[in-house]
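The values are calculated or read from the model by the stated rules, or taken from the named source; none is laboratory data. Quick caveat: nothing in here was measured; it's all calculated off a predicted structure. In this analysis, Cβ positions are derived from the backbone assuming ideal geometry, glycine residues included, and neighbour counts consider all displayed protein chains.
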Amino acid sequence: MTMPSSASRPAKPARLLISSLLGAGVALGAMSFAMAQEATFAVTAREVGAPSYNPITATKLNSANSLIYDRLIQQDADQTFHPHLATSWETTPDGMQWTFKLKAGVKFHDGEPFNAKVIEWWVPKFKGTENADTVAAIERVEVVDDLTVKFHMKNPDPNLLFNLSTSFMGIPSPKAYDALGDKFGVTASVGTGPFKVESFVVGQQTVLVRNDDYKWASALSTNKGAAKIKKITVREIADDSTAFLELKTGGVDLLYTVPADFLPRLKAEKSVKVMQIPGTEIVYMPINTQVEPFTDIKVRAAAAYAINQKDIWQTLYGGVGQPANGFLISGLAEAKVDPKFAISHDAARAKTLLDEAGWKAGPDGIRVKDGKKLQVKLWTTNGTEFKRITEVVQAQLKAIGMAADITVFDASTINAQYKKKTDHQLAVRSYSWTNADIIDWFFAAKRAGYPNVSMLNDPKAEELNVVAMTKSRSWDERVINFRKYHEYILSQYAFAPIYEPVNIFAYSTKKLKLPETVRGTRLTSQTILDSEITN
């Protein structure tokens, strides 16, 4: 009678084993599902090294910033403005008051409410920062009611809507911002955006997790609720070849930016989709106007005319994008300067200018003056694309008798080197912006060192800056004033334009599905909200 009982004993462990296997299968399935909701994006050379996600004080932000913070207003690809945290706005005929209605029910990642008092706190926080000019025309903020604010202006600012739509106008949580002080944006970054920061390692990666409470997307997104992607790891990959291989092998699912010379290889990959939108960027060579030999405008002009923009465009970029001949993207009205101010390749003129400046050709082809060779420092960052452009620029400068020694810096440290003011002479760099006020950012004397890498400090330039930035009463008048400012900067040869890219990004169709139309001037939160995992 005991045999059945005794014989049945092994059955219990067997059942446990089967249950364990079933449990493991469920767990593995759950893990697989969870991983399937995750994606890895990568920012490349142009965006690596952002030291913080503090939009108020930052001078450099990467694409992940738009996933963390919302703005009052969003700008579409056609440069029109659309409501986001502000539902509507109106201004008085004289431009001296702006009234904004705010979206109800919005909360920060820390649970704090978004309302008019947040805007009253936020605007004054820009005072004394590098970004102070974005709100400099606002005299004070009046709280009309919980969801209405009124800006009382010092002077009309026809550029206010653009300012409020930029990356630097993401709105942080007042509670977290004040509590963390200088550590905000590094140890924690708290906004109202569709993703929360789980971790951030400067120069390496940012891990973002979905904000499940999100339900206040702008009209530029079809999806008004929480993102379909649960977790995004944003890696920083300075080397473009490495980024391409990571995308090809599945280590990365999306590249925010792709150099044009990688297009043929990417298009050959059946599981990679490449998308292009109008460019927002200029690659250029700043010239330090405060150090020899570039205190001489003829030497600066010679260096600028040495750059063969068409050759770089064709050989490095395969004719994608276009040569740059000014400091602004070609889509802006302020970029349409008098042709006599445009800077384009003219080697003969460059050589003549150097002759006039007293730099005579030496036996080795390098020019000499007072027994000193025309040898300069040429800086760049360590991305593949920047290094390639810089090597071509080096050869083009040598062709007019200027020897350039290249130094490659890590993207996170080069700005500190610029701030020393006298250590650099030439550099190859880029910016991404869709407004003429970028001229103020890179050429205003008060920002000498960085971002004014050209160290320009010119009385007439400062006068034109003030007129363009603060005296324009209408948009049309602003265009005229900034065009004059742009033309004068060109006439001083404080930089050499090089290239205007298109905005190219690529993603793996094995992992992701993005909407066919990208809403916005770049690939930002409104498009990511409408993106989903495919497996």
So for the range 402-409 (the condition being over 30 Å from ASN481 (Cβ atoms), small (Gly, Ala, Ser) and touching a strand residue (DSSP E or B) at 6+ places or on another chain (Cβ under 7 Å)), does at least one residue qualify? yes
Considering only residues that are out of contact with any strand residue (DSSP E or B) (no Cβ under 8 Å at 6 or more places or on another chain) and basic (Lys, Arg), which ones fall in the range 238-270? ARG265, LYS270
Restricting the range 425-464 to residues that are among the polar types (S, T, N, Q) and within 26 Å of THR44 (Cα to Cα), which is surrounded by the most Cβ atoms within 10 Å (Cβ to Cβ)? SER454
Counted residues in the range 263-279 being of a type in the set (S, T, N, Q) and at pLDDT below 90 come to 1
Going through PRO172, PRO158 one at a time, which residue ends up being surrounded by 15 or more Cβ atoms within 10 Å (Cβ to Cβ) and more than 24 Å from VAL106 (Cα to Cα)? PRO158
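For residues that are in a loop (DSSP other than H, G, I, E, B) and modelled with pLDDT of 95 or more, scanning just the range 455-491, find the one that is farthest from LYS421 (Cα to Cα). Write out each step before concluding.
So in the range 455-491, the residues in a loop (DSSP other than H, G, I, E, B) come out as 455-458, 471-474.
From what's left, modelled with pLDDT of 95 or more: 455-458.
Numbers: MET455: 7, LEU456: 11, ASN457: 12, ASP458: 16 Å.
Only one residue fits best here, namely ASP458.
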Are there any pairs with C-beta distances below 6 angstrom linking a residue in the range 108-135 that is crowded, with 17+ Cβ neighbours inside 10 Å to a residue that is of a type in the set (Gly, Ala, Ser), with the two at least 6 apart or on different chains, and if so which? PHE108/SER173; PHE126/ALA132
Residues of the range 492-535 that turn out to be of a type outside the set (Phe, Trp, Tyr) and not in a strand (DSSP E or B), as a count: 27
Condition check: of a type in the set (Lys, Arg) and either touching a helix residue (DSSP H, G or I) at 6+ places or on another chain (Cβ under 7 Å) or surrounded by fewer than 15 Cβ atoms within 10 Å (Cβ to Cβ) (or both). Does LYS387 satisfy that? no
For the list (1) farther than 21 Å from ASP311 by Cα; (2) among the aliphatic types (A, V, I, L, M); (3) under 26 Å from the mean Cα position of the chain (by Cα), I need the number of the one condition that LEU426 fails. (1)
Mind checking which residues of the range 240-272 are surrounded by fewer than 18 Cβ atoms within 10 Å (Cβ to Cβ), within 23 Å of SER412 (Cα to Cα) and small (Gly, Ala, Ser)? SER241
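Residue by residue through the range 266-289, note down the ones that are assigned to a loop (DSSP other than H, G, I, E, B) and without any contact (Cβ under 8 Å) to a residue 12 or more places away in the chain.
Within the range 266-289, ALA268, LYS270 meet the criteria.
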Being in contact with a helix residue (DSSP H, G or I) (Cβ under 6 Å, 6 or more places away or on another chain), hydroxyl-bearing (Ser, Thr, Tyr), assigned by TED's automatic domain parsing to the domain that holds PHE195 and touching a residue at least 12 places away in the same chain (Cβ under 8 Å) is the requirement here; does THR87 meet it? no
